[in-house]
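The values are calculated or read from the model by the stated rules, or taken from the named source; none is laboratory data. Note that the structure is a prediction, hence the values are computed from the model and not measured. Ideal geometry is used to build each Cβ from the backbone, glycine not excepted, and the neighbour counts take in all protein chains shown. Accessible surface is based on the protein model in full, side chains and every heavy atom, while ligands, DNA and RNA are left aside. Shrake-Rupley method; radii C 1.70, N 1.55, O 1.52, S 1.80 Å.
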Amino acid sequence: MMNLPQNTPTRPAGHALVEALIAQGVDTCFGVPGESYLAVLDGFHEYRDRIRFIACRQEGGAAFMADAQGKLTGRPGICFVTRGPGATNAAIGVHTAFQDSTPMILFVGQVASDQRDREAFQEIDYRQMFGPGTLGLAKWVGEVHRAERLPEYIARAFHTAMQGRPGPVVLVLPEDMLTESITTAVLPRVEPVRAWPAPGGLRQLRNLLLAAERPFVIAGGSGWDAEACAALQRFAENWQLPVGCGFRFQDTFDNRHPLYAGDVGIGINPKLAARIVASDLVIALGVRLGEMTTGGYTLLQAPRPAQRLVHIHSGPEELGRVYAADLMLQASMACAAKALESIAAPVNVQWAGAAAQAHADYQANRQAEPVQPLDMAEVVKTMQRLLPADTVYTNGAGNYSGWLHRFCQYSGLQHHGRTQLAPTSGAMGYGLPAAVAAALLYPERTVLNLAGDGDFLMNGQELATASGYGARKLISVVVDNGTYGTIRMHQERDYPGRVSGSDLFNPDFVALARAYGWQAESVTQTAQFEPALARSISAGTPSLLHLRLSADVSTSRTTLGAIREAAFDRVNGREASR
Ligand SMILES: Cc1ncc(C[n+]2csc(CCOP(=O)(O)OP(=O)(O)O)c2C)c(N)n1
C-alpha cells in the first residue's frame, strides 16, 4: 500500500490526475494533445521524470497503443484525447478494447461546465456516445464534475477496467474542473478483485470429465497471467486434454506443447474444426464463444450445442448470453486454472491418444504446398527461426494475418508474457501502433508487425511516433498484394469477376518508410527474405520489409483464381439447373 500524504498540497486537478496515474503504477501514456486538457499536459510536465506522454499522430493510433499496453501489462492502457474530433478518432480503440476485453482508460477533454449542452465547440455527450446505450463500446463512462472527487473516479476507472470481464472505461474531464485547485490526496494502487470458481462447480466439472470420451478445451480471453497459464498447462497435463486457443489468444497455451491442438479462429484447421464438432465435452475457458471462436456458431450449435459445454468466464453477463451450457462458472482467469489444476484426475484417461493425434494434426497443418516466388509460410517460419523467442508479434485485420495464425508458434504467457497482439475485433490498422507501443514499453524486446498493404496505411502515420520516441527493435513486414484482399476474396465468392472498390493504389513503401527515418527494403522472392530480415534485426532503427505479392495469393489455402472459378461453376450450375 502506498503511504498517503497527510497534508496534500494544493495543486490543479490536472496535476492531481497525473499523480493518481503514477500512484497506479503508470509510467507511459499515449495520446494526442488538445486544448481541452492543457492542465493535464502541464501535470505531465510537472512529473516528467516519472511518467511520459507519448504524442501520437492520430487518436486511432494512440487508442490502439493503449489497447496494446493493456494487453501487454494486464493493467489499463492509458490514452488521452481531446473532445469531439479526438474522441471520435479514438472510438476504434475503445471498440477494440471492448471486444478484446482489454483493460483500458480513455481520458477525454470536455467543454467547460458553464458551456455544457449548448453544442459548444466540439461538444459531445460521451455518455451517449460510448455509454451502455451503445452496447459494445465502453464498459463505463464517467464525467467528473467535482474536482475534489477526481481521485475517486480514477480509482473506480482502474477497478472497472480490470474487474469482471476487463474492458475500456471513458473518463470525461471538463476543462474548468481540471484547472481547479484541490487538496484531495490520490488513492493507492488498485488491484482487481478476483473471483474463484465455486467448489461445487469444480465437483460437477470433474463428473463431466469422468463421463466424457472426447473432451476438448478452448482457452483464451483476457485476464490471464503467467501463473494462470502455467496452471492451465498442468490441468491439461493431469487430464491429458487437447487444448485449442481462442481466436487471437494463441499465446494462452504453449503452441509447442504436445497437448496443443491449434487455434480456434478464422481459417481454422479443418481437422481441428471436425475434432471440436465431434467432441462430447467442450470446456470453454475464458473465451467469449463469439462468432470467430465458434466458426460462426457452427462448431458449437447456438444456443444449445450438441456437445456438453462448460463455460468458465470472468464476466457473468457472458455466461448464458448465447449458449445454454451444462455448467457455467464465473471466475477470473488468474484464478480459474489454478482451481482446475486442483481437480483430482484418474491415473489413466480413455482419450489420452486423442490429444497426441490432435497435436499431430496441428503439426501437419503447419506444412503447406510451396508457393512461388514468395512463400508466406516460409516467411513466417524464417521470422521465428531468426527472431528471439520473446518476440512480440502484432497484426491487424486482413487475409495476410492468416499466415501468422497458421504458422507462427506462440509461447504461453508463463514463458515470455504476451507475444501476440492482435484485434479480435478485426480492426484494420491495429498492428502497427500496437507494435510501436510494445517497442516503446519493452525496448529490450524485438517486435514484429505483419501488416497488409491496406491495413498498414490505416495507421502508417505512427511510423513517426516510432522513430521520434527512439524505438529500435521494431520490424514491420508489409504484405503488398495491391488489393483489400479479404474483401476481394468475398467479392469473388459472391460476385465472381466483378471487382469493385477493392483495388489499392499504393505508395512506394520503401521510400515512405525511409522518409520517416526507418530502414527499408523490398523483397520479391523467398530466398531474399532471410538476409533482409537479418539486416533489419541488426539495423538499430525501426525497419520495414516490403513484400510484393501477386493479388492472386489470397490465403494460405487458396488463390483468388480458384475462388473465382468455383464461384462461376456454382453460378453456372445454378443457371443450368433452372
Ligand atoms: C477499420 C476497418 N475497416 C474495414 C474493415 C473491413 N476489412 C476487413 S479485411 C479488409 C481488407 C484488408 O486488406 P489488406 O490489409 O490489404 O490485407 P489482405 O486482406 O489483402 O491480406 C477490409 C477492408 C475492417 N476490418 N476494419
Residue identified as in a strand (DSSP E or B), surrounded by fewer than 24 Cβ atoms within 10 Å (Cβ to Cβ) and not hydrophobic (A, V, I, L, M, F, W, C) among GLY109, GLY142, GLY136: GLY142
Qualifying positions in the range 205-229 - polar (S, T, N, Q) and under 22 Å from THR293 (Cα atoms): SER222
Extreme residue, farthest from the ligand (Cβ to nearest atom), among residues of the range 480-493 that are of a type in the set (Ser, Thr, Tyr) and open to solvent by less than 50 Å² (accessible area, probe 1.4 Å): THR483
Search result, residues across the range 469-479 that are of a type in the set (Gly, Ala, Ser), surrounded by fewer than 24 Cβ atoms within 10 Å (Cβ to Cβ) and in contact (Cβ under 8 Å) with a residue 40 or more places away in the chain: ALA471
Output for the range 516-544, where each listed residue is among the hydroxyl-bearing types (Ser, Thr, Tyr), assigned to a strand (DSSP E or B) and more than 27 Å from the chain's Cα centre (by Cα): SER522
Test: residue in the range 430-443 that is modelled with pLDDT of 95 or more, over 14 Å from the mean Cα position of the chain (by Cα) and at positive phi: no
Some residue of the range 383-396 being within 16 Å of the ligand (Cβ to nearest atom), small (Gly, Ala, Ser) and surrounded by fewer than 20 Cβ atoms within 10 Å (Cβ to Cβ): no
Matching entry among PRO531, PRO507 (being more than 16 Å from the ligand (Cβ to nearest atom) and surrounded by fewer than 18 Cβ atoms within 10 Å (Cβ to Cβ)): PRO531
Odd one out for PRO496, checked against (1) away from the ligand (no atom under 15 Å from the Cβ); (2) in contact with a strand residue (DSSP E or B) (Cβ under 9 Å, 6 or more places away or on another chain); (3) under 30 Å from THR293 (Cα atoms): (2)
Among residues of the range 477-515, those that are in contact with a Lys or Arg (Cβ under 8 Å, 6 or more places away or on another chain) and part of a helix (DSSP H, G or I), counted: 2
Criterion: of a type outside the set (S, T, N, Q) and more than 22 Å from ILE54 (Cβ to Cβ) - qualifying residue of HIS159, HIS95: HIS159
Candidate set: the range 402-434, residues that are open to solvent by less than 10 Å² (accessible area, probe 1.4 Å) and free of Cβ contacts under 8 Å to residues at least 60 places away in the same chain; chosen: the one nearest to the ligand (Cβ to nearest atom): GLY431
The lone exception for ALA91 - which of (1) buried (at least 22 other Cβ atoms within 10 Å of the Cβ); (2) within 18 Å of ALA157 (Cα to Cα) it fails: (1)
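A quick yes/no check of all residues on (1) free of Cβ contacts under 8 Å to residues at least 24 places away in the same chain; (2) open to solvent by 10 Å² or more (accessible area, probe 1.4 Å):
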site	(1), (2)
PRO12	no, yes
LEU21	no, no
GLU35	no, yes
ALA39	no, yes
ASP49	yes, yes
ARG57	no, yes
Residues located in the range 534-552, provided they are within 16 Å of the ligand (Cβ to nearest atom) and open to solvent by 50 Å² or more (accessible area, probe 1.4 Å): ARG548, SER550, ASP552
Residues located in the range 444-458, provided they are open to solvent by 10 Å² or more (accessible area, probe 1.4 Å) and more than 8 Å from the ligand (Cβ to nearest atom): GLU444, ARG445, THR446, LEU457
